Amino acid sequence: MVSATIDLLKKELPVEQSSLVLSQDTKTGLVLVDLVNGFCTVGAGNLAPVEPDKQIFCMVQESVILARLFCERKWPVFAFLDTHHPDIPEPPYPPHCIAGTDEARLVPDLQWLENEANATLRCKDCIDGFLGSVDKDGSNLFVDWVNKNQIKAILVVGICTDICVLDFVCSALSARNRRMLTPLEDVIIYSGACATFDLPVHVAKDIEGALAHPQDLMHHIGLYIAKGRGARIVSEVSFAAQ
């Protein structure tokens, strides 16, 4: 029944996806959204998967491959790390990714980025990484990163497709349209390197205040809304011969 409903939704609300070939002709930056233990590592926290999850596993593996390839080419990488102060809640979510804990660290396969000169890491204390990049003096680390590296396209991957990835993409698109991200032109989401969590309705009904969140359905909806905002969705990413 659920599978049939999702198939019907995808038919009625299709998300056209293309292939992306990256080359030196277009300066592209990789944006990693919240590939932290608290969202990706089994049993790591209140919002981490409780058992191995195929969609999240594949997202992490694809993201690691891309990060390696970008860094090998000395192409810019920007990583958001969800990080919260213990005395500042983020309703409706329970405490998660508290600063200084393993939850707020990159997944083990990406922790090498902490010492990678080519990577810029940003701890964010809100869903939207664009807003989370604003400093007390009004500057924005993400905006500065785009300008400094003269980035014309960003390739966005991470978790959750319909929450942190979507909110960041929508803000980046609005900022681009307002000429705040010159010379950025394209915001691209790689669907195979994005994931969201799974909370079926039969589980959610027994959790006070919880909303059902079927994984495949919400992943698709996240991609659909992002495309409607102006993002390009791709299902394959490759690199042109150097």
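The mean sequence separation of alpha-carbon pairs under 8 Å and at least six residues apart, normalised by the residue count of the chain, gives a relative contact order of 26 percent. Our Cα-only numbers for region 107-183 put the radius of gyration and Dmax at 12.8, 37 Å. Over region 133-231, accessible surface divided per residue gives 47 Å², non-protein components excluded, 1.4 Å probe. Think of it as helices only: each DSSP H run of n ≥ 4 in the chain is worth -39500 (n - 2.57), and spread over all residues that comes to -9500 deg cm²/dmol at 222 nm. The shape of region 1-46 comes out oblate: with a ≥ b ≥ c from the C-alpha gyration tensor, a/c is at least 1.5 while a/b does not beat b/c.
For the chain, DSSP calls about 10 percent of its internal beta bridges antiparallel. Kindly identify region 6-121 as rounded, prolate or oblate by the Cα gyration tensor criterion: order the square roots of the eigenvalues as a ≥ b ≥ c, call it rounded if a/c is under 1.5, otherwise compare a/b with b/c, prolate if a/b is larger, else oblate. Taking the square roots of the gyration eigenvalues as a ≥ b ≥ c, region 6-121 is oblate. Between the listed residues Cys164, Val201, Thr120, the Cα displaced farthest toward the positive end of the dipole of the chain, a dipole computed from Cβ unit charges relative to the Cα centre, is found at Thr120.
For percent of Cα pairs over 30 Å apart, the value calculated from this model appears in (i) 22; (ii) 26; (iii) 48 under label (i). Surface analysis of region 37-94 yields an accessible area of 52 Å² per residue, using protein heavy atoms and a 1.4 Å probe. Measure off, as a whole percent, the carbon and sulfur share of the 1.4 Å-probe accessible area of the chain, all protein chains present. Looking at the chain in its full context, I get 54 percent from C and S. A simple spin-label model places the labels of Lys152 and Lys54 3.9 nm from each other, with each point 7 Å out along Cα-to-Cβ.
Beyond 27 Å in Cα-Cα separation lie the following of the pairs Lys136/Lys227; Lys124/Lys205; Lys74/Lys124; Lys27/Lys136; Lys10/Lys205: Lys136/Lys227; Lys124/Lys205; Lys27/Lys136. Dipole size of the chain about its Cα centre, with +1 on Lys/Arg Cβ and -1 on Asp/Glu Cβ: approximately 960 debye, rounded to the nearest 20.
The values are calculated or read from the model by the stated rules, or taken from the named source; none is laboratory data. A quick note: this is a predicted structure, and the numbers were derived from the prediction, not measured. Because the Cβ atoms are built from the backbone with ideal geometry, glycine has one as well, and the counts that use them run over all protein chains shown. Accessible surface is based on the protein model in full, side chains and every heavy atom, while ligands, DNA and RNA are left aside. Shrake-Rupley method; radii C 1.70, N 1.55, O 1.52, S 1.80 Å.
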